[in-house]
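Each remark here refers to the structure printed beneath this line.
Where a number appears in this text, it was derived from the coordinates with a stated rule and is not lab data. What you are looking at is a predicted structure, and each value in this text was computed from that prediction instead of being measured. Cβ atoms come from the backbone with ideal geometry, glycine included; neighbour counts cover every protein chain shown.
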Amino acid sequence: MANSPRILVADDEPNLRRVLAAILSRDGYQVIQAADGAEALDLLSDEVDVVITDLKMPRVDGMQVLQTVSSKHPAVPVIMITAFGSVDNAVAAVKAGAFDYIEKPFEQEQIRQIVEKAVRQAGANHTAPTVTEPAQPEAGRHGLIGASENMRGIFDIIDKV
């Protein structure tokens, strides 16, 4: 399993961390657990493929984790999870670069599918060529222009919100 994707899970609820680790491990991922955002940032490395972080945590919250990952490891998708879901929080997370935003409680299949998509995107980010032909813009969806994989992901998040 040396080549299996590595998922960093940061949540201050030990039971949720254990459940996520069990689900993701069964799917073949290596899971690194952090009890809060500060520990997550300490464990963050180039070896991490996807980060799952709770929004509200002691010491360092999920938004700070998201901002740090986005600036230091921009190719790493960050999935936000929270029991304090609101449209404002979702919009703020998406604007800050979150791959997806999930409210607790969530279905096991929902988190599995989102992680699978994030891992695929992370893999695409690592293998993307340095020079690409410009894509023809997709006009008008949500008043935005874009046809890249990242933009399609943003459109999907906007649809959810």
Label point at Ala35 placed 7 Å out along Cα→Cβ; residues across region 9-25 whose backbone nitrogen lies under 15 Å: 10-18
Inter-site label distance for Asp88 and Ile23 at 7 Å from Cα along Cβ, in nm: 2.8 nm
Contour minus Cα-Cα distance for Asn15 and Asp159 (0.36 nm per residue): 48.8 nm
